[in-house]
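Notes follow once the structure below has been shown.
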Amino acid sequence: MSDHHHDHASEPGSPLAETDLRVRALESLLVEKGLVDPAALDAVIDTYETKVGPRNGARVVARAWVDPAFRARLLADATAAIAELGYMGRQGEDMVALENTPKVHNLVVCTLCSCYPWPVLGLPPVWYKSAPYRSRAVLDPRGVLREFGVELGDDVEVRVWDSTSEMRYLVLPERPAGTEGMSEEALAQLVTRDSMIGVAKVTPPARGGPR
Amino acid sequence: MNGVHDMGGMHGMGPIEREEHEPVFHHEWERRAFALTMAAGFLGEWNIDMARHARERIPPARYLASSYYEKWLLGLETLLAERGLVTRDELVTGRPRGRSSPGRVLKASDVGRVLLKGGPARLPERVPPRFKPGDRVVAKNVNPVGHTRLPRYARGKRGVVDRDYGVFIFPDAHAMGLGKKPQHLYGVRFAARELWGPDASPGDAVYVDLWDDHLDPA
């Protein structure tokens with residue numbers, strides 16, 4: 001999945017064109033039957049395209065890095081601590097924060113479907129939902145991490161969290177060295193989605209400022 | 001059910017393909033399929049566990065060949081037809097045969113509030129826990145034909161209760177229309193070598209969320 005496929009969707013007879021037509025037909029059917037309100041559909045889409053996303057989680061992580069009391073609250077009751085920043089609700093009703101340290105690396109997966117903490121990370125990327133990640137993350141987490149460019153020593157314990165319930169996991173990555181003087185806002189800019197899933201580490205800002 | 005959706009530990013699925021600057025949705029139909037599923041779920045005709053089970057029942061070859069939102073679409077069509085909200089004929093023709101009388105329809109003005117409220121699976125019932133953190137447990141060796149959140153790779157394996165999350169809906173019952181069956185949910189730690197044998201890294205572990213009904217004392 002390296003490119004968009006808008007062109008393919010418009011090719012008559014292609015599987016995507018067929019799916020496109022099928023969804024359109026279903027929507028008009030449900031609207032005509034009085035089961036859905038098209039304006040509500042627009043509002044749902046807008047929420048997950050523009051309001052909810054990994055910037056939310058990055059703010060949680062940055063706050064935990066600069067505020068030890070918040071960090072303690074986050075690790076003790078992540079749902080309540082995350083709600084302090086206004087993030088809550090659907091697919092994040094019960095949150096757990098997993099702290100990465102020099103000796104412990106946490107990695108999150110959902111082998112049975114694609115459970116993911118929406119309020120803090122938004123909707124999951126395609127790779128997280130894909131069979132390759134779902135099948136291998138529990139069996140060969142170090143191999144998966146290597147594919148993402150993370151090499152861990154034998155002295156580091158890898159903990160894989162399979163999201164088989166409604167508990168949702170957010171990895172609290174290690175704060176990189178050399179960021180001591182940075183503001184909370186600048187720190188949040190460093191925090192990537194992948195670091196909060198546990199497939200990446202947060203890297204210090206490149207010389208010349210944050211990327 | 002021992003479906004292809006239960007893929008933890010399988011080989012041969014290929015490399016993990018990542019996309020730089022990935023958009024939230026890749027096509028307009030993905031936006032609509034996602035939102036239709038969310039809005040239809042609000043009708044209250046099924047719960048999230050039933051929705052997961054509907055996707056698990058997609059025939060295996062099709063499941064593997066379908067993208068995430070294609071699976072959502074197939075699951076939604078199944079649920080709508082099974083609840084009698086639309087007929088298979090209506091799905092094929094796209095033409096309604098009369099209106100439905102739903103109990104509640106998601107309105108645009110309610111979307112923000114509904115999403116912030118979520119759909120908590122935690123229950124207020126006071127049910128005594130069967131286990132406490134530190135207890136040694138074994139995941140049951142069961143092969144139910146219905147929905148289960150006990151993955152195959154953990155069945156029959158020994159672990160340790162890491163934490164008690166409290167009382168939750170039991171999805172294995174809830175998905176099958178058998179009620180909420182309130183019980184404790186635990187984070188259970190399984191050593192990687194217990195799950196995968198001597199080739200696994202000695203200190204590594206997999207944590208699986210499991211309910212009282214999934215566990216026996218070890």
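The values are calculated or read from the model by the stated rules, or taken from the named source; none is laboratory data. The structure displayed is predicted, hence computed values, not measured ones. Backbone-built Cβ (ideal geometry, glycine too); neighbour counts: all protein chains shown. SASA here: full protein model, heavy atoms, side chains in, ligands and nucleic acids out. Shrake-Rupley method; radii C 1.70, N 1.55, O 1.52, S 1.80 Å.
Before rounding to the nearest 500, sum -39500 (n - 2.57) across all DSSP H runs of length at least 4 in the protein assembly as shown and divide by the residue total; then give [θ] at 222 nm in deg cm²/dmol. List each step's numbers first, then the result.
Details: 20 runs with 160 residues, N = 429.
Counting only the DSSP helices, I get -10000 deg cm²/dmol.
Counting protein heavy atoms only and a 1.4 angstrom probe, how many square angstrom of accessible surface do chains B and A bury in total, to the nearest 100? Don't jump to the answer; show the numbers that get you there.
On the way: alone 13960 and 12370 Å², together 18580 Å².
About 7700 Å² of accessible surface is lost on pairing.
If R0 is 35 Å, what FRET efficiency do you get for B:GLU19 and B:ARG158 from their C-beta distance, rounded to 0.05? All intermediate terms of the calculation are to be shown ahead of the outcome.
Details: r = 39 Å, r/R0 = 1.12.
Taking R0 as 35 Å, the efficiency between B:GLU19 and B:ARG158 is 0.35.
Quick one: which of B:38-49, A:67-78 comes out on top by average Cβ neighbours within 10 Å, and what's the full order, highest first?
Per-residue mean Cβ counts within 10 Å order the peptides as B:38-49, A:67-78.
Taking only the alpha-carbon positions of region B:86-218 and ignoring solvent, what does the Debye formula give for the base-10 log of I(q)/I(0) at q = 0.14, 0.17, 0.19 Å⁻¹?
At q = 0.14, 0.17, 0.19 Å⁻¹ the computed log10 ratios are -0.78, -0.94, -1.07.
If you plug each phi of region B:40-57 into the Karplus form 6.51 cos²θ - 1.76 cosθ + 1.60 with θ = phi - 60°, what whole-Hz ³J(HN,Hα) values come out, in order, with x for Gly and Pro?
5, x, 5, 4, x, 7, 8, 9, 5, 6, 5, 5, 4, 5, 4, 6, 5, 7
In whole angstrom, note down how far apart the Cα centers of region B:122-183 and region A:77-106 are.
22
What accessible area per residue, rounded to a whole number of Å², is obtained for region B:99-208 using a probe radius of 1.4 Å?
Using a 1.4 Å probe on heavy atoms only, each residue of region B:99-208 averages 51 Å².
So what does log10 I(q)/I(0) come out to for the protein assembly as shown at q = 0.06, 0.12, 0.13 Å⁻¹, using the Debye formula with one equal point on every Cα and no solvent?
The computed values of log10 I(q)/I(0) come out as -0.25, -1.05, -1.23.
Antiparallel as a % of all DSSP beta bridges within the protein assembly as shown, to the nearest 5?
Close to 55 percent.
Once R0 is set to 22 Å, what does the formula 1/(1 + (r/R0)^6) return for the Cβ-Cβ distance between A:GLU32 and B:ASP110, expressed as a FRET efficiency to the nearest 0.05? Each step should come with its number before you reach the end.
Working: r = 21 Å, r/R0 = 0.96.
Computed FRET efficiency for A:GLU32 and B:ASP110 comes out at 0.55.
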